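Single-structure report; data block below.
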Amino acid sequence: MSNYRVSFYKDLLNSDGHSFKCLQRWVDVQSDDPSQAKVLAGRLVDNDRLNADCIEVMHLMDVPHEFERSSVRASSKHAGNVAP
């Protein structure tokens, strides 16, 4: 099993009319491969409400056990970036 971060983006226009990706939410999951990570994350996130235009999957490098615990606490405070 590997750790993956799955990020959900919306394509928006800035005031100059230029397109940019806006991170709506991310979730960390454990899975055997990136495709499975995307499916698992989709079950955890209400993508119908987000209506993401782009989903990215990033493999997270293995970290020492004690760092991993502090990392989990820090990320749980931010419960994945949210948009109204």
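The values are calculated or read from the model by the stated rules, or taken from the named source; none is laboratory data. Given the structure is predicted, the values throughout are model-derived calculations rather than measurements. Here Cβ is always computed from backbone atoms with ideal geometry, including for glycine, and neighbour counts include all displayed protein chains. Keep in mind that these areas ignore ligands, DNA and RNA; they rest on the heavy atoms of the full protein, side chains included. Shrake-Rupley method; radii C 1.70, N 1.55, O 1.52, S 1.80 Å.
Scan region 25-39 residue by residue and report those that are surrounded by 16 or more Cβ atoms within 10 Å (Cβ to Cβ) and touching a Ser or Thr at 6+ places or on another chain (Cβ under 8 Å).
Let us first name the residues in region 25-39 that are surrounded by 16 or more Cβ atoms within 10 Å (Cβ to Cβ), namely 25-29, 31, 36-38.
ARG25, TRP26, ASP28, SER31, ALA37 - these are the residues of region 25-39 that are surrounded by 16 or more Cβ atoms within 10 Å (Cβ to Cβ) and touching a Ser or Thr at 6+ places or on another chain (Cβ under 8 Å).
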State which residue pairs qualify: first residue over 18 Å from LYS10 (Cα atoms) and among the polar types (S, T, N, Q) and inside region 29-54, second residue assigned to a loop (DSSP other than H, G, I, E, B) and open to solvent by 40 Å² or more (accessible area, probe 1.4 Å) in any location, beta carbons under 7 Å apart, and separation of 6 or more residues or different chains.
-> GLN30/MET1; SER31/MET1
Scanning for something of a type in the set (S, T, N, Q), in a strand (DSSP E or B) and open to solvent by 70 Å² or more (accessible area, probe 1.4 Å), does region 43-53 turn up at least one residue?
-> no
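Can you tell me which residue in region 1-24 is farthest from HIS59 (Cα to Cα), limited to those that are open to solvent by less than 70 Å² (accessible area, probe 1.4 Å) and of a type in the set (Lys, Arg)? Give the steps one after another, and end with the answer.
Pass one, region 1-24, residues open to solvent by less than 70 Å² (accessible area, probe 1.4 Å): 2-10, 12, 14, 17, 22-24.
Adding the requirement that they be of a type in the set (Lys, Arg) leaves 5, 10.
Numbers: ARG5: 6, LYS10: 21 Å.
By that ranking, first place goes to LYS10.
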